[in-house]
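What follows draws every value from the coordinates through simple rules; no lab data is involved. In this text the structure is predicted, and so the values were computed from the model without any measurement. Using ideal geometry, Cβ is built from the backbone for each residue, glycine included, and neighbour counts are taken over all protein chains shown.
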Amino acid sequence: MIMRYEGEVPVVAACAKCQLKFFAPATFVGDPEGAEEFLARKFDVHGCPAEIGETERQAHRARDLSSSRAVVFLRLCLGGWFE
């Protein structure tokens, strides 16, 4: 998201999830489209730690769920619950 403009030129953007800030260089003074494209590219490649963390949490949940289902399946196949 764009955080600050100087005139019509976006100069500061930030990731809403991890709060990392991106700054457009002074070479974009007077070039709002170029500055916006620059900030968008920086955002796209920043590798948000919040998103990476969420992806890892989802993967762990999926593995845990698969493990639980496998245990239940085995218990049913073996004819009952076991310790």
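Each label point was placed 7 Å from the Cα along the Cα-to-Cβ direction; for Gln19 and Lys42 their separation is 1.8 nm. All other residues whose Cβ lies under 14 angstrom from that of Phe28 are scored, Lys and Arg at +1 and Asp and Glu at -1, for a net of -3.
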